[in-house]
């Protein structure tokens, strides 16, 4: 297992001890897998508490759907969805809370309310100043690769060399984060499975995950319930648990440090067994 220290605000986590499981909390009416289920403030808080109980190491709160074809919402609407639940969750749960946003205004408000990590799906492309914001707050920064926008990203994405291009992109964006004042140990990189990639691209990325690990930053993989798994299994999004677990275990074997999932309990159990085997 690759040894990394991940630092975000008051948290310092030794990633050599175990893989972190990041629980997905969508406070949206239209996310691809669980849109609307936790849209109320009370429902969101209840789900966060449940994921923490199941063993989540981080909870990632999102207020805007980034499923293929999704339209943008303005920052005021996003804050209206995220902040009330976030305020309560940070008081009730003693693990890092991440907010999935690429908007400066939302990130700033979230950090002021106690978020420890900002998860930017645009990899600082939408708002480069977001890196300065996380640096000032000593917060964690997740830099993801995306080709296009959620509205158009799955319209025949093409690469000459998908691994090389994404690796170079993440390397440059992470360096931008460091130049803005973020510590290397506060930056996580994510190749962005499903964000402007064909099913084949996703499989190639997973098969070559070690290339991303070699960049020296913790690698996050978010494959949970995604369509490429559904295409392999020929199932809808709510019937992709086994495929999601297979990706999680193989990703950890290849050096991933953080797995972002909807099914926390099952993933935690699968990874504990895989890690026990790997440590023998």
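General remarks:
- If only residues of segment 70-92 that are outside any helix (DSSP H, G or I) and under 19 Å from the mean Cα position of the chain (by Cα) are counted, the one that is farthest from residue 154 (Cα to Cα) is 72.
- The listed residue being farther than 21 Å from residue 96 by Cα and touching a strand residue (DSSP E or B) at 6+ places or on another chain (Cβ under 8 Å), out of 203, 209, 151, 133: 209
- Number of the condition not met by residue 192 [criteria: (1) in contact with a strand residue (DSSP E or B) (Cβ under 6 Å, 6 or more places away or on another chain); (2) over 22 Å from residue 68 (Cβ atoms)]: (2)
- Subset of segment 1-48 that is assigned to a helix (DSSP H, G or I) and crowded, with 16+ Cβ neighbours inside 10 Å - its residue that is modelled with the lowest pLDDT: 41
- Yes/no for residue 69 being surrounded by fewer than 19 Cβ atoms within 10 Å (Cβ to Cβ), in contact (Cβ under 8 Å) with a residue 12 or more places away in the chain, closer than 24 Å to residue 193 by Cα and in contact with a helix residue (DSSP H, G or I) (Cβ under 6 Å, 6 or more places away or on another chain): no
- Of the residues contained in segment 223-234, none is found to be out of contact with any helix residue (DSSP H, G or I) (no Cβ under 7 Å at 6 or more places or on another chain), touching a residue at least 60 places away in the same chain (Cβ under 8 Å) and under 29 Å from residue 12 (Cβ atoms).
- Check on residue 148, modelled with pLDDT under 95, surrounded by fewer than 20 Cβ atoms within 10 Å (Cβ to Cβ) and more than 12 Å from the chain's Cα centre (by Cα): yes
- Boolean, residue 112 is under 22 Å from residue 24 (Cα atoms), surrounded by fewer than 24 Cβ atoms within 10 Å (Cβ to Cβ) and at pLDDT 95 or above: yes
- Scanning segment 125-145 for residues that are in a loop (DSSP other than H, G, I, E, B) and crowded, with 21+ Cβ neighbours inside 10 Å, we see that the one that is farthest from the chain's Cα centre (by Cα) is 139.
The values are calculated or read from the model by the stated rules, or taken from the named source; none is laboratory data. As the structure is a computational prediction, the values presented were derived from the model and not from experiment. Glycine gets a Cβ as well: all are built from the backbone with ideal geometry, and neighbour counts include every protein chain shown.
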